[in-house]
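**Q** Could you have a look at this structure, given as structure tokens, before my questions?
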Amino acid sequence: MADAGRRQETPLLRDRARYLFDRTLARSTGALLGWLALGCLTLVVPVSALMVWTDPQAPHSVTGRLTAVWRTSAETMRLSGVTGAPLRMLLAAVLGLIALLCVSTVVGVITTGLGDRLAELRRGRSTVLESGHTVVLGWSEQAFTVVAELFAAHSGRGRHVVTVLADRDSADMHTELTAALGITDASRLVCRTGDPTDPEALALVTPGAARSVLILPCDSADADARVIRTLLALRALLRPPSSGPRLVATVRDGHHLRAARLAAGPRSTVLEADRTTARLIVQSARQPGLPAALRDLLDFSGAEFHTLDVSGAADRPYEELALSFEDACVVGIVRADGTPHLTPPPDTVLRPGDRLVTVAHDDHPATVADCRGHIDARALAPAGERADGPARTLMLGWNRRAPFVVDILRRTSRPGSVLDVVTDPDTDPRAAAAHLSRSDGVGRLRVSHRTGDPTRFATLRALDPSRYDSVIVLRDEDPPDPGRPDDRTLLTLLMLRAYEEETGHPLHVVAELHDHGSRLLAPLGATSDVVLRGELTALLMTQISHNPALGSVFEEIFTARGGALALHPAGDYVHPGREASFATVTAAALARGEAAIGYRIHDAGANTSPQGVHLCPGQSERRVWATQDEVLVLTPGRTTITPDDTEPLPLPLARHPHQDGDPAAEVPHA
């Protein structure tokens, strides 16, 4: 052991040499060049001497052979092979070294420049020279939905470039988007690295030449402040602010809505993510299957909203126009001044400059046809009052959107309704108590609050979720692992699924999730739904950027009417078991002051999934309507949200509808 200790204390000659070499390299560049020259000579000179001495044609004298060694070594190291006097050879070697230094410097400068340029290109710092493109500023989960819908909106309409600018590596963004969305033409997606709040970085994507600019909130705590700063940067870059591209932005907190609108300017639309998501959660709790219907209605893969120019249709009543198109469902009117009138009275007359609001497929242009002949009067069900009773709702969890959910339930619930809220023991009880202790003044909703861990089966068993009409599961706002924000929600859903299996009682669960990947993992029953945070606002952003005239229409649907989309039993419109056309359903809905835009089949033998909604069928399409079938309608709304209750979600028209309508929705005289 002592000998081993002495060997460890006494450095080896190899270690001393390595240490000396490291110290020499650390001194200066000259020392590095000296070691490099010594290493070259150590290798080149012996090999050159061996080549000369093994050459049969080499000189026989030692002096001649040494001269040949010098010439071979000099040529190898790109030095001059001049022979003669020692001074002459030395000067030639110096000139060779100078030439080598100059050439190496030039090569180094060129290599460094090319390397910096390639690194700049990889970092996404070159200017985008496009026009009429769409610019997406910021990065979040919404980016995947927005880019996918922008590609779908311009599919088959020529080459349209989507440019993304965010404070992330451009190559990583490009790879993630193309891989996740299956983008085949990668040249249509351009990613650039830069801070969207910096006007110099914004100039990289040439927003002044863009068709529209979408500003997404990031996942940080100061997301709204960054959105407002980005809008101010765009305002400074685009002068005058009244010209340039259309701006569509999203903030999370309604308190920042007014500031964002002021920063955005007149040609803009600003959405509020949290309150919009809360409305969707409430509507989904009341209408199973509604999230899937909304996704189908707001994406560009199937039928969506359009504004339709019907020149020559002035002075015609709305009732007649609503049944004048085979492949379009008419839902309202946009007046010439941009004011929307959805599901107006049947005798409402169209004025010059008005446009119809329809739901139609892009690949099926609206065909003018009198569909009143398809109505089967014998199949029409008599109109009657719907007896919507009080509802019992269980809400598990608490986050930023929870107060909005509670407020909407207070305003829109039937008298005698119940809301039981269960928050995690780690949640600050004062945050929930401050909102739950309020009264709606008329006693519509009775609210109770308790603490408990919904990820424990014993907690759910004590709650007995089968007593409730719907269960709302809110996601954790501050998850332990930010990289997996939905883990706790998925665990809660597993416990609810286990409760269903134990009791045999199916639950209607509405789960709020953060990312798209979790939707595939969510263990949900046939009557349960998933609401992705920010997905609805992302879909609205792309729809409004594509057709600004729809801004006021979406404001009417999602704000002023307090939830106007609904799935009602088909028996409310036609007699069950009778064959009837969809025009018959349209006429029955029109008599109720509603607009029918699709249906959902519950027949197990049908090809359509029970969760799927068939949007915008042909008015002449006939089928036998079952008792379990449902009709998707646009209704007058459950309630009107007044300014005293909450600040409405403003979706102002960016410009006159005739100046910037839906170019694909022009039809001949109706």
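Bear in mind that the values in this text are calculations on the coordinates, not laboratory data. Small disclaimer: the values here were computed from a predicted structure and weren't measured. Reconstructed Cβ throughout: ideal geometry from the backbone, glycine too, with neighbour counts over all protein chains shown.
**Q** Give me the percent relative contact order of the stretch 173-250, please, defined on Cα pairs under 8 angstrom at least 6 residues apart.
**A** 33
**Q** So for each of 321-327, 422-428 I average, over its residues, the number of other beta carbons within 10 Å; can you give me the resulting order with the highest mean first?
**A** Packing order, densest peptide first, comes out as 321-327, 422-428.
**Q** Treat the count of other C-beta atoms within 10 Å as a stand-in for reagent exposure and order H256, H505 from fewest to most.
**A** Fewest-to-most Cβ neighbours within 10 Å comes out as H505, H256.
**Q** Also, quick follow-up: Efficiency by 1/(1 + (r/R0)^6): what FRET value for R430 and L521, r their Cβ-Cβ distance, R0 = 35 Å, to the nearest 0.05?
**A** So the FRET efficiency works out to roughly 0.55.
**Q** For the stretch 339-466, what is the relative contact order in percent, using Cα pairs closer than 8 Å and at least 6 residues apart in sequence?
**A** Relative contact order of the stretch 339-466: 21 percent.
**Q** Another question about this same structure. Stretch D370-D388 to full length: gain in nm at 0.36 nm per residue minus the Cα-Cα span?
**A** 2.9 nm
**Q** Another question, if that's okay. Might you report the magnitude of the Cβ-based charge dipole of the stretch 481-589 about its Cα centre, with Lys and Arg at +1 and Asp and Glu at -1, to the nearest 20 debye?
**A** 180
**Q** Using a 10 Å cut-off on Cβ atoms, rank the peptides 202-209, 247-254, 339-346 from the highest mean neighbour count down.
**A** Top to bottom by mean Cβ count within 10 Å: 247-254, 202-209, 339-346.
**Q** Determine the relative contact order of the stretch 134-266: mean sequence separation of Cα pairs under 8 Å and six or more apart, normalised by residue count, in whole percent.
**A** Relative contact order comes out at 26 percent.
**Q** May I pose another question? What fraction, in whole percent, of alpha-carbon pairs in the stretch 392-533 exceed 18 Å separation?
**A** It works out to 54 percent of all Cα pairs.
**Q** Please give the FRET efficiency for D469 paired with D219, using the beta carbon to beta carbon distance and R0 = 41 Å, rounded to the nearest 0.05.
**A** It comes out at approximately 0.80.
**Q** What is the distance, in nm, between label points placed 7 Å from the Cα along the Cα-to-Cβ direction at A458 and at D172?
**A** Those two pseudo-labels are separated by 4.3 nm.
**Q** Let me ask something else. With the cut-off at 23 Å, report for the stretch 134-266 the share of all Cα pairs above it, as a whole percent.
**A** The proportion of pairs with Cα distances above 23 Å equals 29 percent.
**Q** How would you order 482-489, 136-143 from highest to lowest mean count of nearby Cβ atoms within 10 Å?
**A** Final packing ranking: 136-143, 482-489.
**Q** Check W398: other-chain or 5+ apart residues with amide H under 5 Å from its amide H, H built from backbone geometry?
**A** Those lying under 5 Å, H to H, from W398 are D424.
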